[in-house]
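> Structure in structure tokens, see below.
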Amino acid sequence: MPEAVKIHIHDLHKSFGSKVVLDGVNVDVVPAESLVIIGGSGTGKSVLLKHIIGLLKPDSGTVEVDGQAVEKLGNRQITEFRRKFGMAFQEGALFDSMTVWQNVAFPLQRLTKMSRGEIGDRVEECLTMVRLEGVGEKLPSQLSGGMRRRVGFARAVAHQPEILLFDEPTTGLDPITTALIDEVILDLSDRLKTTSVTITHDMESAFRIGDRIAMLHQGKIIAEAPPEEFRRLDDPRVQQFIHGRADGPLSEETPARGPRDSKDETGSTNEGEPAGAGARELERS
Ligand SMILES: Nc1ncnc2c1ncn2[C@@H]1O[C@H](COP(=O)(O)OP(=O)(O)O)[C@@H](O)[C@H]1O
Ligand SMILES: [Mg+2]
């Protein structure tokens, strides 16, 4: 009997105009697993994540969640389908006119039958979890970028979804807050058996939270292994990325390190995102 698969991605291809972004991605995620996806900026990590919840449709290939082909879902079905998910995408995803409290309460009001009192308790619990107790009445614009990111995270996990998708949940956060968010992700997968897919640039985070790490490069998953094994992989591209070295095969190939040439049109911007582990290391030295 094959092991149960929660998310099955098979030979996924996606281009925008003449630009090939995903060129045959194959990866599976099993229930309660935490998969981390790493890769340079602009390699298509966010595009891949958006296929999992049907925000983008494959040119060819398939994404199945619980055996259901996402690209085949109609409008009505997709709304139902998305209840399974909690997502924290890159910044800007909060409702600006709602308070922090209202932002976190929103999925609970929409997706659950919880009473007002239960919702109140759960919102407090989630805000405490990300150390934001007491900011419920503030508007997102009154918070720092790092705090907004934590609100987005609290909102994603509030309704205890089966699957969590995190797009760089800790980019721009200090190391302590990063460790805190990592702890929450770990706890969710251990305690609630939540399946999660997390994109990160932060190798420390990747090794901490991943049951498995996969590296996306030039449209394909070029390496995939549990953390300790991943660390020891021979592939020079993996080693360059892990160690954030300026010189190596990734630097010669671009586009992973090339200039940004186009913008994400789906509304989630990549602004403020570091250019990759390699580039970040360069900035430090
Ligand atoms: N909706 C879109 N329309 C056109 N190009 C897009 C769209 N979304 C992403 N891209 C392009 O696809 C490539 C991969 O983007 P993305 O997945 O955001 O990279 P990253 O790995 O940094 O998350 C980039 O070149 C980006 O500009
Ligand atoms: Mg991205």
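The values are calculated or read from the model by the stated rules, or taken from the named source; none is laboratory data. Computed from a prediction, not measured in an experiment: that's the story for all the values here. Please note: Cβ atoms are built from the backbone with ideal geometry, for glycine as well, and neighbour counts cover all protein chains shown.
> Just to be sure I understand the filter: pairs with C-beta atoms under 6 Å, separated by 6 or more residues or on different chains, first member in region 48-68 and in contact (Cβ under 8 Å) with a residue 24 or more places away in the chain and closer than 18 Å to Val30 by Cβ, second member outside any strand (DSSP E or B) and away from ligand 1 (no atom under 13 Å from the Cβ). Which pairs pass?
Taking only residues 6 or more apart or on different chains, the pairs are Val63/Val70.
> Checking Gln218 against (1) closer than 26 Å to Arg122 by Cβ; (2) surrounded by 16 or more Cβ atoms within 10 Å (Cβ to Cβ); (3) more than 16 Å from the chain's Cα centre (by Cα): exactly one of these is not met. Which one?
Every condition holds for Gln218 apart from (1).
> Looking at Ala279, Ala206, Ala256, Ala275, which is the one that is within 15 Å of ligand 2 (Cβ to nearest atom) and at pLDDT 95 or above? Show your work before the answer.
Working: Ala279 fails: at pLDDT 95 or above; Ala256 fails: at pLDDT 95 or above; Ala275 fails: at pLDDT 95 or above.
Result of the check over Ala279, Ala206, Ala256, Ala275: Ala206.
> Just for helices (runs of 4 or more DSSP H) wholly inside region 1-118: which have at least 2 residues that are among the β-branched types (Val, Ile, Thr) and within 16 Å of ligand 2 (Cβ to nearest atom)?
On the way: elements: 45-52, 75-81, 100-111.
Helices (runs of 4 or more DSSP H) meeting the threshold: 45-52.
> Scan region 186-200 and tell me whether some residue there is surrounded by fewer than 20 Cβ atoms within 10 Å (Cβ to Cβ) and within 15 Å of ligand 1 (Cβ to nearest atom).
Taking region 186-200 first, the residues surrounded by fewer than 20 Cβ atoms within 10 Å (Cβ to Cβ) are 186-187, 189-193.
From what's left, within 15 Å of ligand 1 (Cβ to nearest atom): none.
No; the residues of region 186-200 include none that is surrounded by fewer than 20 Cβ atoms within 10 Å (Cβ to Cβ) and within 15 Å of ligand 1 (Cβ to nearest atom).
> Also, quick follow-up: May I ask you to verify whether Glu137 is outside any helix (DSSP H, G or I) and away from ligand 2 (no atom under 16 Å from the Cβ)?
Working: outside any helix (DSSP H, G or I): yes; away from ligand 2 (no atom under 16 Å from the Cβ): yes.
Judged against the criteria, Glu137 is a match.
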